[in-house]
Every structure is written in C-alpha cells, then in structure tokens.
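Chemist: Have a look at this one.
Only the coordinates and a few stated rules stand behind these numbers; no lab work does. Just so it is clear, the model here is predicted, and its values are computed rather than measured. As a convention, Cβ positions derive from the backbone with ideal geometry for all residues, glycine included, and neighbour counts pool all protein chains shown.
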Amino acid sequence: MSLLEIQSLSVTLPVADGERQVLFDVDLTLEEGETLALVGESGSGKSMTARSILRLLPPRARVDGSIVFDGRSVLDADPAELRELRRTQIGMIFQDARSSIDPVRTVGDFLTEGLLIGGMSRKDAQARALQSLDAVRISDARARMRAYPHELSGGMLQRVMIASVVQAGHRLILADEATSALDVTTQAEVVGILAELQKTHGLAMLFITHDLDLAASICHRTAVINRGRIVEVQDSDALYSAPTHEYTIQLLASRPNPAGRNTP
C-alpha cells in the first residue's frame, strides 16, 4: 500500500450563486520517500488538492472520493484524529510564510508550540527547535528564536516554516508553491534544503509548482493538472522529454529551453 492514496477525489465549493466543482476525479499515489510534483497554471487545482489532503477546506465544501494516508482514511477522521495527523504526520509549507506565522509571537514560540502541546518539556522543545533551525542552515539560531517574523527576510521565514515541519517528524510534506515568492538565489537555496532534508529523513513530499523545469530537477514523478483534472503522470524526465498530453506539451512550450534538455 502506498503512503498516500487519492482516488476519485472531487471537491465542490459553495459560491455566491450556488456551487462550483473545482476538482474532478483526481487520482494520485505517493510512496514513502518519494517526491511527486503537481504542476499546472494558476487556478488549475494544485493548492486545492493539497488542502484537501489535510481537509483545509472552506465550510460547506463537499468532498467525494477517498484520501488514505498510511492505511487510514483522512476524510473519515474525527477532529482529534485530524489534529494529530496534522501535528505529527503531514506538514504543509505554504507559499507565503509571512502570512502563516503569528506576527506578534517570536520564532521560538512558533516552533515550540506544537512540541509543548505534544507533552515535551520546554527545555527539550527549545533544544529541538534550535536543532531544526540548524538543519535548515539558519545561522545564530538562538538569536533567531527571539526574533519576530517582521525581523526576518522572506527566505529566512520560509526556512523557519520548513524547520517547523522537520522538527515535528512529519512523514509527508505538502510544499505549496514554497519557493515561488522568493528571488532566484534564495529559491535555489530553499529547494536545496528541501531536497537534502527529504533524502536525509526519508520524507515523502508533494511539491506543488507551476515550474516544470524545477519539478524535473528535484522530483521523481510529475503529475500535471488542468482545470481540476489530472491529465498526465510520468517519471519527471520522461514527462519532460516525451509528454503525451497536449496541455503538458503547451506548458513545456511556454517555458525557456534549459541547457541540456531537448524541446519535446
């Protein structure tokens, strides 16, 4: 059994004049230690798919199909089970770290909160948080623990978000456009950190991006989504060199041709 199995996932959201279906029969699997890219243009359903995995959906959203993580149904989980799943098993890195961290609390408060809730002593929680900051290459970690979000750059805050996921021991990371708001140099650094941590800890990762070049460079497989439907899933290199769906071909054609790769 795969670590994550999504079958026939459909999501319908309430809108002003009724309802709107945004995902249509999505099927995806993710193995232990695998990195799967989910690519598509803005509004294609990438983030909605990731949010569905953790049931981070608006009130009155209707979800059909199944999402099974490590043999357990996510859609059937009660509130306590869902909180535990989010706290210890599946972590999410959002696109804008600044909007995801409480601006009036320190980085240390943000990193230790979940550990304290889980029963860890404050001393041990602080030590774990310092270790996680070191793991994502944040220098002078003890001083950063005392800092507030507005005192850190966007790239530094994204590293803090990654640290919060790693220290919790999550088995699956949902990285939702985790690098798109960063400059090119910082983006490369963050991608390198994610790839290194994924390899070191054997984490599975769903890497959401609109950038097929980036997906091909770090992900084992790539799934392409268009208008709420998965249109193609292949090994990343194979998809890049020999796409089978017209939408994938159009996505590739819209990108600059990287050195060393052939245009399909």
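Chemist: Pairs of Cα atoms under 8 Å, at least six residues apart: use those to get the relative contact order of segment 101-169, whole percent.
Modeler: Result for segment 101-169 is 44 percent.
Chemist: In debye, nearest 20, what is the charge dipole magnitude of the chain about its Cα centre with +1 on Lys and Arg Cβ and -1 on Asp and Glu Cβ, if you could check?
Modeler: Here the chain has a charge dipole of around 740 debye.
Chemist: Could you order peptides 50-57, 87-94 by the average number of other Cβ atoms within 10 Å of their residues, highest first?
Modeler: Listed from highest to lowest mean packing, they are 87-94, 50-57.
Chemist: Work out the charge dipole of segment 101-169 with +1 on the Cβ of Lys and Arg and -1 on the Cβ of Asp and Glu about the Cα centre, then indicate which of Ser164, Ala127, Ala147 is farthest towards its positive end.
Modeler: In segment 101-169, that residue is Ala127.
Chemist: How far is helix 79-88 tilted off the main Cα axis of the chain, in degrees rounded to 10, range 0 to 90?
Modeler: Around 80 degrees separate the two axes.
Chemist: Next question. For segment 3-41 and segment 117-170, what is the centre-to-centre distance using only Cα atoms, to the nearest Å?
Modeler: Spelled out, the Cα-based centre of one part sits 30 Å from the other.
Chemist: Same structure again: Just the Cα atoms of segment 138-264, one point each, no solvent: what log10 I(q)/I(0) does Debye give at q = 0.14, 0.15, 0.20 Å⁻¹?
Modeler: Result of the Debye calculation: -0.70, -0.79, -1.19.
Chemist: Based on the alpha-carbon gyration tensor of segment 53-161, what equivalent-ellipsoid semi-axes (square roots of 5 times the eigenvalues) come out, in whole Å, largest first?
Modeler: With the √(5λ) rule applied to segment 53-161, the semi-axes are 29, 17, 12 Å.
Chemist: Can I ask one more? Tell me the relative contact order for the chain as a rounded percent, counting alpha carbon contacts under 8 Å between residues six or more apart.
Modeler: RCO, the chain: 25 percent.
Chemist: Arrange the peptides 219-225, 153-159 so that the one whose residues have, on average, the most other Cβ atoms within 10 Å appears first.
Modeler: 219-225, 153-159
Chemist: In addition: Could you give the C-alpha radius of gyration of segment 101-169 expressed as a fraction of 2.2 N^0.38 Å, taking N as the number of residues it contains?
Modeler: 0.98
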